Each structure stands twice: as structure tokens, then as C-alpha cells.
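Beneath this line is the structure, given in C-alpha cells, with notes to follow.
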Amino acid sequence: KRAFLNGRIDLVCAEAVAYLISARSQKALTMAAAQLEGGLTRAVDRTRLSLMELLALLEAEIDFSDDDLDTTPPEELRAIARRAQEEIDRLLDTFAQARMFREGFVVVLAGRPNVGKSSLLNAFLGQERAIVTEVPGTTRDVIEELVEMDSLPVRLVDTAGIAEPGGPVDREGIRRALVAAGTADLVLWVIDGHEGLTPDDLAAREEIRGYPRVAVVNKVDLSLALDPGRAAGLLGEEEVHFVSATEGTGLVKLREAIRESALGGAPQQEVADYAVNVRHHQELLAARDALGSAMKGLAESAGPELLALDVRDAIGALERVLGLSVSGDVLDMIFSRFCVGK
Ligand code: GDP
């Protein structure tokens, strides 16, 4: 904080220190290091400077509008604004992936009791963390574990196997886990392949309607009650994986499916040196809005005074990203995250 207040580093770099400390995956660490080294600062500052140039051109028009000086052609003004907009869009695009690498991709394990959710969690962890038991419903609370799947941090959330008296359906547990997870990026609907599909499985699925999900048929090491060829149709799911949590069968493919769901089919975007956080994201959206308004003004031949207002707003938002003009409250909030060991 002192380095920031003394002007030795900007706010983006200061935030990078916090990310460096809290990084929970290799990729998050790389991103934080690149941010600390000034990658994001340079990108934001480049755009800020080009908008200052645009503002200077507009102000020259305001100041000398009575003189017979040549004014800057509107296409030229538009080109500067458009380039700035493109750069801001590029930065905004890094947000979703950056968040995933910093905070983890949330995968919730859902299904009726005893289908093997805890076993699956353990298989992914490669260690015994969740309590595995043969008595249904002994996983009392929501369990969350962080695993790294090829540099992708994944937050695995196991639903509590709360069997309601008189009804063994795990709906309440699933509901709680979904609430605890905040948001599930992907739900694994786990089914016991040996026992086959039951009404409780379908009841469990009711709770995860609307979430991206894949069906996971577990216990393939036992005789299967579900015909693999017809499972997709029977389950009404597009994606069905056959695994054995205890034997490890099919887990490599399931991991791949999770990564695919997180990162999409597209080649992995290089977010290392320009990943934005929530605060940056909000300010960049404000800058983009202001620039959009300026572009509209340019298209409608608005006066330079009006255009200058929009451009000044955009510059203000970018300055707030860098911490050139942020309130004490915001600074307190940011620096409170550094209280290590407190
Ligand atoms: P949960 O209630 O869904 O979390 O289920 P658990 O993980 O506690 O598993 C319930 C029972 O199924 C335990 O006895 C596990 O050992 C068993 N189980 C889990 N996965 C497999 C599997 O892939 N194959 C076999 N044969 N048994 C499994």
C-alpha cells in the first residue's frame, strides 16, 4: 500500500501482489506474475494515452472553432475511438477465463445417496478426504476440494447425502451444495450403473435442471443394469460417461470433458499478461459504454463538446483501473485483502 501511495507501483500491480499470494494454480501464478511485471498496466495505459490524444483533438476543435483552422476529419477521430474500443474488448474477453484460473471451475457432484459421489471426489483427489461409507447419507455437509486438472483449478463440490426421513432422495443436499457453490459451472449427475436408473435419480436431476451437466454412470466394474448403447436416450442426456470411481476407469475421459466444458473447444486463449479482475471489468465496461456513446455522437455529427465529455468519461474509467483516481474506500477494500495471517 505504501508503494502504491508513494507512486512506485500502480493499483494493477498492487493487486497482482495479492493474486501472487493467493494463487492456487500454476496458471494463476503465471498470470499474477505477468500482471505484476506490468502487462495489464501497459495495455490499459496504451488505450488511455490514445484516448488522451483523441481528447486533445476534440478540445482543439472546441478552442479554435471560431478560427478557420482545419478540423480533424471525423474518420480519423472514429478510427482512434474504434481502436480503443477493440483494445478494451480484447481486455474484457480475458475476464471469464482469468476468473476461472484464479477462482477455479466449479463442478458439483449430484445424485441420489450411494451412487458413488464421494468415491468419485476421492478418485479425483487421489486421496481420502471425503468420508466414504456404505451407509447412505453419511456425508453430512457440503464438501469442497480444489484439484488441478492440467493447470485448470477445479473446485469439486460434493453434495451432502442428507436422506430425509421417509424419503431417501438427496434433493436437499443437492440444493445446499448448489447454494454453497454459489454457482455451478458444471454438474456431474452421478448414477449407479449397477442398480440402474431409479425414480430417485430422476428426482435428483430435477434439482440440477438449468445447469450445464453431464451424466456419469458409475460402478462400471460391476454388472451393468444400463445398456451403454441406449443410456444416452434413456437418461435423456447428450453426454454420458461410464466410469468406475473405485477402479479409476473412464476418469481420464471425464477429466477431459470437464476441461472441455471449462475451456471450450477453442484453442486456449493466452491470458497471461492481460487478465482482468471484477474491478477492472466494471471499469472497462464503463469505458466501453462511454466510447460507444462517443462513436454514436461521431456518427451523428455531434459537437466536439459532447464528444469530449464521453471521451473524458472513458479516460476516467481507465484511470480508475490503474488507480490514478480511486476513492479511499476502494483502496481500503483492495488492500484489506493483503492482511496475511490476520
Ligand atoms: P455417495 O453417497 O454417492 O457419496 O456414495 P459413496 O461414494 O459413499 O459410495 C457408496 C458405495 O458405493 C460405497 O460402498 C462405495 O465403495 C461404492 N462405490 C462407489 N463407487 C464405486 C465403483 O465405481 N464401483 C464399485 N463397485 N463400488 C463403488
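Remark: the range 302-342 is approximated by an ellipsoid whose semi-axes, taken from the C-alpha gyration tensor as √(5λ), come to 34, 7, 5 Å, largest first. Bin all alpha-carbon pair distances of the range 1-44 at 10 Å intervals from 0 and give each bin's fraction as a whole percent. With a bin width of 10 Å, the distribution comes to 33, 51, 15, 0. The fewest-to-most ranking of TYR19, TYR211 by surrounding Cβ atoms within 10 Å reads TYR211, TYR19. Proximity of backbone amide H atoms, modeled 1.01 Å from N, is registered between PHE242 and VAL217 at under 5 Å, excluding neighbours fewer than 5 places apart on the same chain.
In the range 184-342, how does Rg compare with the Kirkwood Rh, expressed as the Rg/Rh ratio over alpha carbon atoms? Mind dumping the intermediate values first?
Working: Rg = 25.6 Å, Rh = 20.7 Å.
When Rh is taken as the Kirkwood radius, the ratio is 1.23.
Between LEU109 and VAL157, ASP158, THR159, LEU188, the built amide H atoms are under 5 Å apart, and every one of these is 5 or more places off in sequence or on another chain.
Note on VAL179 and GLU300: the model spin-label points, each 7 Å out from Cα along the C-beta direction, lie 4.7 nm apart.
The shape of the range 189-265 can be summarised by an equivalent ellipsoid whose semi-axes, obtained from the alpha carbon gyration tensor, come to 19, 17, 10 Å from longest to shortest. Stokes-Einstein, applied to the Kirkwood radius of the chain over Cα pairs at a viscosity of 1.002 mPa s and 20 °C, places its translational diffusion at 92 µm² s⁻¹.
Listed values for the range 226-235 are Karplus-derived 3J(HN,Hα) couplings in whole Hz (6.51 cos²θ - 1.76 cosθ + 1.60, θ = phi - 60°), namely 10, 6, x, x, 10, 4, 4, x, 5, 7, and x replaces Gly and Pro.
Only Cα pairs under 8 Å and 6+ residues apart enter the sum, and on that basis the relative contact order of the chain stands at 22 percent.
Note on the chain: antiparallel DSSP beta bridges, both residues inside, total approximately 30 percent of the bridges counted.
Per the Debye formula on identical point scatterers at the alpha carbon atoms of the range 174-222, with no solvent, log10 I(q)/I(0) at q = 0.16, 0.20, 0.26, 0.27 Å⁻¹ is -0.48, -0.70, -1.00, -1.04. Sequence-ordered 3J(HN,Hα) estimates for the range 241-255 from the Karplus curve with 6.51, -1.76 and 1.60 and θ = phi - 60° stand at 10, 10, 9, 10, 5, 7, 8, x, 4, x, 6, 4, 5, 5, 4 Hz, glycine and proline given as x.
Calculated FRET efficiency, GLU238 to GLU206, Cβ-Cβ distance, R0 = 22 Å: about 0.75 to the nearest 0.05. What the phi angles of the range 71-83 give under the Karplus curve with 6.51, -1.76 and 1.60, with θ = phi - 60°, is a coupling list of 8, 5, x, x, 4, 5, 4, 4, 4, 5, 4, 5, 4 Hz, glycine and proline written as x. Net charge in the neighbourhood of ALA215 (other residues with Cβ under 11 Å of its Cβ; Lys, Arg +1, Asp, Glu -1) is -2.
Listed from fewest to most Cβ neighbours within 10 Å, the set ILE9, ILE88, ILE191, ILE21 follows the order ILE21, ILE9, ILE88, ILE191. Modelled spin labels at PHE64 and GLU148, positioned 7 Å past Cα toward Cβ, are 5.8 nm from each other. Within the straight-line cut-off of under 29 Å between alpha carbons, the lysines reachable from LYS253 are LYS27, LYS117, LYS219, sequence neighbours fewer than 8 places apart in one chain being disregarded. For ASP332 and SER50, what does the FRET efficiency come to when R0 = 25 Å and r is the distance between their Cβ atoms, rounded to the nearest 0.05? For R0 = 25 Å, the calculated efficiency reads 0.20.
We did not get these values from a lab; they are worked out from the coordinates using the rules stated. None of the values given here were measured: they were computed from a predicted structure. Note that we place each Cβ from the backbone using ideal geometry, even for glycine, and neighbour counts take in every protein chain shown.
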